[in-house]
Amino acid sequence: YHQVRKDDRTEFQRDYDRLIFSAPFRRLQNKTQVFPLPGSVFVHNRLTHSLEVSSVGRSLGNDISRALLQKHPELSGSHLSEAGAIVSAACLAHDLGNPPFGHSGERAIGTFFSEGKGNWLKTYCDPTNGDRLNEREWNDLIHFEGNANAFRLLTHHFKGRRDGGFVMTYTTLASIVKYPYSSELAGKKQKFGFFKSEKEAYCRIADELGIIRISREGEPLRYARHPLVYLVEAADDICYQMMDIEDAHKLKIITTDETKELLMAFFSEDRQSRLRSTFQIVNDINEQIAYLRSSVIGLLVRECTRVFLEHEQEILAGTFEGALIKHIAEGPAAAYNHCAEISLKRIYRSQDVLDIELAGFRIISTLLELMVDAVTLPGKEKAYSELLTNRVSDQYNIKSPVLYERIQAVLDYISGMTDVFALDLYRKINGNSLPAV
C-alpha cells in the first residue's frame with residue numbers, strides 16, 4: 001500500500017522549510033551577530049537576524065514581483081510571482097557559512113593562513129604523496145569568506161547526506177552568491193562567492209539559469225549577479241543597520257535622544273511631526289524606538305524597490321553597479337550613511353564588541369593551529385592528533401588523501417561550531433575544564 005502525499009508547496013517554499021528545520025540554521029541561535037550573546041538584555045544573534053532579513057526580503061520580493069507583473073503581464077504564467085518566497089529562503093541561508101564570533105571569526109581564519117601560524121602551508125609538501133596547495137587553493141584559505149562557505153554548505157556532498165547538499169533549487173542557491181567570482185578576484189575587500197571545490201557547482205547553476213559570464217576564457221572566473229541577489233543584499237543592509245542601532249540603544253551604548261535623532265532623520269519634517277504625535281499614544285521608550293525602526297525599514301523597502309524597478313534593464317544585463325541601498329534618494333541616503341558612521345565609531349568599536357572579537361580571534365586561531373597540525377603533520381604528537389581528529393564528525397572528509405580537502409574539512413568543522421561549543425572545546429584543549437563525570 002502506497003499513500004500519495006499531496007503537497008501544495010512550491011519548490012521555492014520547500015527551500016525555505018528545509019532551511020528552517022536544518023541543524024546549521026538552528027545553530028545560528030548560538031552565534032554572535034555583533035554584540036556578545038545575551039545576558040540580562042536580549043540582543044540579536046545570527047538566527048534572529050536571519051529571520052528578520054528573511055521577513056524584509058519577502059516584502060522586497062513580493063513588491064518587486066507585483067510591480068513587474070503589472071509592467072509585463074505576459075509573464076503572469078512564470079515563476080516571477082515566487083520572488084518573495086525565493087528571496088525569503090535565500091535570506092535565511094545567507095549567514096549559514098559564517099564561523100563563530102561574527103566577522104572576527106572570518107578574519108581569524110583568513111589571517112591564520114595569510115600571516116599567522118598557518119602561513120607555512122603555502123610551501124608545504126605532503127611527505128606521503130607529494131601533494132601541495134596550488135595558488136587558487138591558497139587564495140581560498142587566506143581570503144576565507146562566509147558567503148562562499150554558505151554556498152559550500154548548501155551544495156557540497158558531505159558524507160552521510162542524502163543526494164549531497166540540501167537539494168535546493170538553483171534559483172535560491174544563486175540568490176545567496178553576492179560575489180559571483182573566484183577567490184583570485186577577492187582583492188582588498190576579501191570577498192568572493194565560491195571556493196575552488198564548488199566552482200563547477202556554481203558554473204552549472206549559472207549556465208542553467210542563464211547568468212551572464214563576464215570573464216573571458218583564461219581569466220579568473222567572474223559572473224554577473226543573479227538579479228535576486230540585489231534584494232537579498234538590500235534586506236541584509238536594511239536589517240543589520242537598523243537592528244544594530246536598536247540593540248545599541250537597549251544596551252545604553254547610544255542614548256534615547258541620539259537614537260530618535262538618527263531614525264527621525266530618514267523622514268521629512270511633516271512625517272517627523274506625525275511620528276512624534278504617535279509618541280503621545282505610545283509612551284514606552286523601547287516601543288517608541290521599535291516603532292521608529294519599523295517605519296524606517298518600511299521606507300527603505302520602498303526606496304530599494306523603486307531603485308530596482310528603475311534599473312531593471314541594467315540589473316538584467318549585469319551592468320548595474322553597487323548595492324541598491326547605495327542608490328536610494330538623497331535624504332534617506334544621508335541618514336543611512338550617518339547611521340553607518342555612528343555604528344562604526346560607537347557600536348562596532350565599543351568595548352563589549354571588541355572584547356568578544358579578541359576572544360573569538362584567539363579561540364579560532366588556537367583551534368585552527370591544533371586541528372591543521374593534526375591533519376597535516378600526523379607524525380607530530382600522533383596520539384594527541386588522533387584524539388583531536390576523532391572528535392570530528394564522519395561527514396567531514398578529515399582523512400582525505402588530498403591536502404586541500406583535509407584543510408577544508410577542518411574549516412567545515414570549525415566554521416560550523418557555535419560560539420559556546422568553540423569556547424568549550426578551547427577550554428578543554430587548554431585543560432581549563434573537564435567533561436562532567
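The values are calculated or read from the model by the stated rules, or taken from the named source; none is laboratory data. Remember, predicted model here, so these are calculated numbers, not experimental data. Every residue, glycine among them, receives a Cβ derived from its backbone with ideal geometry; neighbour counts consider all protein chains shown. All accessible areas refer to the heavy atoms of the entire protein, side chains included, with ligands and DNA or RNA removed. Shrake-Rupley method; radii C 1.70, N 1.55, O 1.52, S 1.80 Å.
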Discussion item. Out of everything in region 222-236 that is of a type in the set (G, A, S) and surrounded by 24 or more Cβ atoms within 10 Å (Cβ to Cβ), what residue ends up being nearest to V307 (Cα to Cα)?
Written reply: A234
Discussion item. What's the total number of residues in region 187-220 that are assigned to a loop (DSSP other than H, G, I, E, B), surrounded by 15 or more Cβ atoms within 10 Å (Cβ to Cβ) and of a type in the set (G, A, S)?
Written reply: 1
Worksheet entry | Test: residue in region 339-355 that is outside any helix (DSSP H, G or I), open to solvent by 20 Å² or more (accessible area, probe 1.4 Å) and touching a residue at least 40 places away in the same chain (Cβ under 8 Å) | yes
Discussion item. Yes or no: region 165-174 includes at least one residue that is under 25 Å from E11 (Cα atoms), part of a helix (DSSP H, G or I), open to solvent by less than 30 Å² (accessible area, probe 1.4 Å) and not hydroxyl-bearing (S, T, Y).
Written reply: yes
Worksheet item: Could you give every pair whose Cβ atoms fall below 7 Å, whose first residue belongs to region 60-87 and is under 23 Å from A235 (Cα atoms), and whose second residue is hydroxyl-bearing (S, T, Y) and open to solvent by 80 Å² or more (accessible area, probe 1.4 Å), counting only separations of at least 6 or pairs across chains?
Response: L69/S76
Worksheet, complete the sentence: Checked pairs for region 303-315, first under 18 Å from S59 (Cα atoms), second of a type in the set (S, T, Y) and in a helix (DSSP H, G or I), C-beta under 9 Å and 6 or more apart or across chains, list as C304/Y230; T305/S59; V307/Y230; F308/Y230
Response to the item:
Out of (1) modelled with pLDDT of 90 or more; (2) touching a Leu at 6+ places or on another chain (Cβ under 7 Å); (3) within 29 Å of S350 (Cβ to Cβ), the one R26 does not meet is (2)
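Yes or no, residue by residue, for (1) farther than 14 Å from H327 by Cβ; (2) at pLDDT below 95; (3) not small (G, A, S):
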position: E233; (1), (2), (3): no, no, yes
position: Q241; (1), (2), (3): yes, yes, yes
position: F267; (1), (2), (3): yes, yes, yes
position: S277; (1), (2), (3): yes, yes, no
position: N286; (1), (2), (3): yes, yes, yes
position: I297; (1), (2), (3): yes, no, yes
position: V307; (1), (2), (3): no, no, yes
Worksheet item: Does region 34-47 contain at least one residue that is modelled with pLDDT under 80, among the polar types (S, T, N, Q) and outside any helix (DSSP H, G or I)?
Response: yes
Worksheet item: Mind checking whether some residue in region 106-122 is open to solvent by 30 Å² or more (accessible area, probe 1.4 Å), in a loop (DSSP other than H, G, I, E, B) and without any contact (Cβ under 8 Å) to a residue 40 or more places away in the chain?
Response: yes
